[in-house]
């Protein structure tokens, strides 16, 4: 009989009483609505973040070779070489490093395929001024000037005859990525140089 499982048999009288009422469907209460639980991720996602960074002393801390090759889609020859510059108080520069990538065996710095330079200055205004002066100097030489996105920042793509470069500043720091001897085809400059520039201003996590 329907509903008998909800009662306890206590005796003949109880059985008679329950037999009469067992034909009615038991009243059940609707379950409370389920509230979805949102579980936060256990580890935060890592997004490349450009910062006004301290100057690194190793090219692997500027753009790692693995990242360089993956961005270019080809493996560069040789090992990167770093040149640490000197301070120049006359122009407000407090430090400078240049990393040369893709130097063939038995060749020198002028034969590098990509050169990335980072510099620091006494203040934000000095850094911006140095970038603006460099851009105007290249414009005067007939280079094509284009503003491009570098992460959430802006940079300036300068296309000269034998060299193209992406230059910009962030805080007291400046960055420049040089494409030597037209190594990267011009149609790929906007896809490649900003990625390398962003990486150069992103300290390793």
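Read the figures in this text as sums done on the coordinates, not as results from a lab. Just so it is clear, the structure is predicted and the values come from calculations on it, not from any experiment. Every residue, glycine among them, receives a Cβ derived from its backbone with ideal geometry; neighbour counts consider all protein chains shown.
Can you give me the relative contact order of the stretch 59-200 as a percent, contacts being Cα pairs under 8 Å and 6 or more apart?
About 21 percent, as a whole number.
Write down the Å³ per residue value for the convex hull defined by the alpha carbon atoms of the stretch 143-191. It would help to have the intermediate numbers written out before the result.
On the way: hull volume 3.5 nm³, N = 49.
Dividing the Cα hull volume of the stretch 143-191 by its residue count gives 71 Å³.
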Anisotropy class of the stretch 81-126 from Cα gyration tensor, a/c 1.5 cut: prolate
Cβ-derived FRET efficiency at R0 35 Å, residue 79 paired with residue 145, nearest 0.05: 0.60
Calculated Rg and Dmax of the stretch 90-180 using C-alpha coordinates, Å: 13.7, 41
